[in-house]
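The values are calculated or read from the model by the stated rules, or taken from the named source; none is laboratory data. The shown structure was predicted, so the numbers you read here are calculated from the model rather than taken from an experiment. A quick note on method: Cβ atoms are made from the backbone with ideal geometry, for glycine too, and the neighbour counts reach across all protein chains shown. What goes into the accessible areas is simple: the full protein's heavy atoms, side chains included, and nothing from ligands, DNA or RNA. Shrake-Rupley method; radii C 1.70, N 1.55, O 1.52, S 1.80 Å.
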Amino acid sequence: MERVVTLGRRVLPRGWRDFGLQLVIWFGFYFSYLAVREVTYRGDTAKAFVNALRVISLEQRVSHHLYELTVERVADSSSLLLTAAAWTYWNSEFTVIGLALLWVYLRRHDGFTRFRNTILLANVVGLLGFWLMPTAPPWMFPDKGFVVGVNHSSALLQTLGNSYAAMPSLHAADALIVSFFLVSTSRTIWAKALWALWPVWVWFCVIATANHYVLDVLAGIVLAVGAVLATAWAPRLFRRLRGVGPAIANLL
């Protein structure tokens, strides 16, 4: 037991208790995601298909072309590329995010709180989007030319996934947030370059595998930028509000 405590003091910036708290926060969010999934599934799933058709119609009116189909054809031209895209789709969320959070927590702890809060904020807003606007993904519309890029029939996916969570794309949002914080905390030019390219690759993969529309990705990018700005401004706003209270008291 003493060895475990000693290891925690040496490796963990704030010890086992704080590390346990971070795990509770992370898994608490995940179970909240599952709860929202259940609400979505028990609702009117027809609404998800109507919303998806609206997205498709809007893209066709604006661009006169579904660029998702072009991206899919590029991925389909190489089995290696398609396999890499599918692997990225499955692992870019909880696997990469979890490892990125762990690395920042252990090695760049000063930036961890804002990184965690930005991820949580973006995902909470995204969950509200799934609830208010459930949207069926492209792979559910083979008549439009979309081709399934990954296997959605597994029992694990049916248990833990949300098939109507296309809008906004949390894959797109989270990849950009991870990129922002890892570029800012990495110390080598190669690491910075790698993480700078990460969101672009993820955006390509989620479209290439027919899991998200271009509009989903754009919405995810806006969501990520908003979350990054919000976590930057919130502490300043709170400090100003704390200063306003005493100032008003002095006037009274």
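Observations on the structure shown:
- Yes/no for Thr88 being open to solvent by 40 Å² or more (accessible area, probe 1.4 Å) and out of contact with any strand residue (DSSP E or B) (no Cβ under 8 Å at 6 or more places or on another chain): no
- Any hit, segment 131-138, residues being in contact with a strand residue (DSSP E or B) (Cβ under 6 Å, 6 or more places away or on another chain) and not small (Gly, Ala, Ser): no
- Every listed requirement among (1) open to solvent by 80 Å² or more (accessible area, probe 1.4 Å); (2) in contact (Cβ under 8 Å) with a residue 12 or more places away in the chain is met by Leu80 save one, (2).
- Qualifying helices (runs of 4 or more DSSP H) (wholly inside segment 45-150; at least 2 residues being touching a Cys at 6+ places or on another chain (Cβ under 9 Å)): 79-91
- Residue match in segment 41-61 (condition: surrounded by 14 or more Cβ atoms within 10 Å (Cβ to Cβ), modelled with pLDDT under 90 and touching a helix residue (DSSP H, G or I) at 6+ places or on another chain (Cβ under 7 Å)): no
- Search result, residues across segment 164-190 that are out of contact with any Ser or Thr (no Cβ under 9 Å at 6 or more places or on another chain) and open to solvent by 30 Å² or more (accessible area, probe 1.4 Å): Leu176, Val183, Ser184, Arg187, Thr188, Ile189, Trp190
- Of everything in segment 227-252 that is at pLDDT 75 or above and either surrounded by 15 or more Cβ atoms within 10 Å (Cβ to Cβ) or basic (Lys, Arg) (or both), the residue that is nearest to Ala136 (Cα to Cα) is Ala227.
- Scanning segment 191-220 for residues that are outside any helix (DSSP H, G or I), in contact with an Asp or Glu (Cβ under 9 Å, 6 or more places away or on another chain) and either surrounded by fewer than 24 Cβ atoms within 10 Å (Cβ to Cβ) or not hydroxyl-bearing (Ser, Thr, Tyr) (or both) yields Ala210, His212.
- Note on segment 114-152: among residues that are farther than 24 Å from Tyr30 by Cβ and within 20 Å of the chain's Cα centre (by Cα), the one that is most open to solvent (accessible area, probe 1.4 Å) is Gly149.
- The residues on offer are Val96, Val71, Val147, Val124, and the sole one that is of a type in the set (A, V, I, L, M, F, W, C), at pLDDT 90 or above and under 20 Å from Ala165 (Cα atoms) is Val96.
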